[in-house]
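Take a look at the structure below.
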Amino acid sequence: MMNQKINLSEIRNEYLKGDLNEKEMHHDPIVQFGRWMDEVLRMGVHEPTAMLLATAGRNLQPTSRVVLLKDYDSEGFIFFTNYESTKGKQIAENPFVSATFFWKEVERQVHIHGKAVPVESSLSDEYFHARPYESRLGALVSAQSRKISDRKELETKFEELSRIFRNQKIPRPKNWGGYKIFPDSVEFWQGRSNRLHDRFLYETDEFQTWKISRLSP
Ligand SMILES: Cc1cc2nc3c(=O)[nH]c(=O)nc-3n(C[C@H](O)[C@H](O)[C@H](O)COP(=O)(O)O)c2cc1C
């Protein structure tokens, strides 16, 4: 017997976990992001660094997928991936991306728009060599986003490379590395009751100073 389909339109949640006040927000969105990230890290929310990264190449068809934020600094947000993957090819054609965090435990969303630029190879090397042995081998094995015949193909290559690199340093594949997203806008969203959510948008002006606007929910 078929399970009865649940009517999704009847799922409703009120967002009551907090509010957002412009006076309490830092004038620099990356500092403000850091405050929110610290809070969710302290609370132990699940996958706090997971962000939905959207890219669109020359054909303008948007594609999105989850990647992990691995660092951020006063310039922007860093993640690591395969430069020859679908996202890597799209970024090479069009560097403008968006990245979205959703922290459901605190009913918050952060939405970043900006330009993704490959990081210096020394930083990619540093991060690559700090990864566990199996993750390094996995990066070497995977031609990310290419079609493959079956799982066995991956497992055979993994075993083969683990024999070759036994007791040896695994080199970083040249097609694997980081990007930094230099933001030109960042929006902070806090869920509120009656769908009257708080939204603040930071945008840079021609002098590279940040301007904050409240947006209608
Ligand atoms: C929780 C989570 C974390 C992920 N982290 C990364 C990551 O940091 N880097 C990455 O390249 N892919 C990561 N992935 C896999 C991507 O979502 C995606 O499948 C892969 O990068 C290929 O994407 P593309 O074909 O659009 O380039 C992650 C997936 C999940 C669900």
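The values are calculated or read from the model by the stated rules, or taken from the named source; none is laboratory data. Computed from a predicted model, the values in this text were never measured in an experiment. Backbone-built Cβ (ideal geometry, glycine too); neighbour counts: all protein chains shown. Please note that ligands, DNA and RNA were not included when accessible areas were found on the heavy atoms of the full protein model with its side chains. Shrake-Rupley method; radii C 1.70, N 1.55, O 1.52, S 1.80 Å.
Among residues belonging to region 9-44 that are within 22 Å of Ser193 (Cα to Cα) and of a type in the set (Val, Ile, Thr), point out the one that is least open to solvent (accessible area, probe 1.4 Å).
This residue is Val40.
Checking Glu75 against (1) assigned to a strand (DSSP E or B); (2) more than 8 Å from the ligand (Cβ to nearest atom), only one condition comes out false. Which one?
Unmet condition: (1).
Per-residue answers, yes or no, for (1) under 23 Å from the mean Cα position of the chain (by Cα); (2) part of a strand (DSSP E or B); (3) in contact (Cβ under 8 Å) with a residue 12 or more places away in the chain; (4) surrounded by 16 or more Cβ atoms within 10 Å (Cβ to Cβ):
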| position | (1), (2), (3), (4) |
| --- | --- |
| Ile148 | no, no, no, no |
| Glu155 | no, no, no, no |
| Glu160 | no, no, no, no |
| Lys180 | yes, yes, yes, yes |
| Phe188 | yes, yes, yes, yes |
| Arg199 | yes, yes, yes, yes |
| Glu206 | no, no, no, no |
| Ser216 | no, no, yes, no |
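Pull up region 6-23, narrow it to residues that are of a type in the set (A, V, I, L, M, F, W, C) and closer than 26 Å to Ile212 by Cβ, then point me to the one that is modelled with the highest pLDDT. It would help to see each step written out before you state the result.
Our first condition is that a residue be of a type in the set (A, V, I, L, M, F, W, C); within region 6-23, this holds for 6, 8, 11, 16, 20.
In the following step, the residues that additionally are closer than 26 Å to Ile212 by Cβ were identified as 16, 20.
Values: Leu16: 91, Leu20: 94.
Ranking the candidates gives Leu20 first.
I need a count of the residues in region 109-136 that are outside any loop (DSSP other than H, G, I, E, B), more than 12 Å from the ligand (Cβ to nearest atom) and open to solvent by 30 Å² or more (accessible area, probe 1.4 Å).
16
If I go through region 84-108 residue by residue, how many of them are within 10 Å of the ligand (Cβ to nearest atom) and either closer than 26 Å to Pro217 by Cα or outside any helix (DSSP H, G or I) (or both)? Write out each step before concluding.
Keep residues of region 84-108 that are within 10 Å of the ligand (Cβ to nearest atom), which gives 84-91.
Right, trim to either closer than 26 Å to Pro217 by Cα or outside any helix (DSSP H, G or I) (or both) and you get 84-85.
The number of residues fulfilling the criteria is 2.
When only residues in region 95-108 that are out of contact with any strand residue (DSSP E or B) (no Cβ under 7 Å at 6 or more places or on another chain) and open to solvent by 30 Å² or more (accessible area, probe 1.4 Å) count, which is nearest to Val67 (Cα to Cα)?
Step one: filter region 95-108 for residues out of contact with any strand residue (DSSP E or B) (no Cβ under 7 Å at 6 or more places or on another chain), giving 103-106.
Still in the running and open to solvent by 30 Å² or more (accessible area, probe 1.4 Å): 104-105.
Details: Lys104: 17, Glu105: 19 Å.
By that ranking, first place goes to Lys104.
List every residue pair whose Cβ atoms sit under 8 Å apart, with the two residues 6 or more apart in sequence or on different chains, where the first one lies in region 64-81 and is at pLDDT below 95 and the second, anywhere, is open to solvent by less than 50 Å² (accessible area, probe 1.4 Å) and more than 10 Å from the ligand (Cβ to nearest atom).
Nothing qualifies.
Only one of Met51, Met43 is within 16 Å of the ligand (Cβ to nearest atom) and of a type outside the set (Val, Ile, Thr). Can you tell me which? First the steps, then the outcome.
Details: Met43 fails: within 16 Å of the ligand (Cβ to nearest atom).
The match here is Met51.
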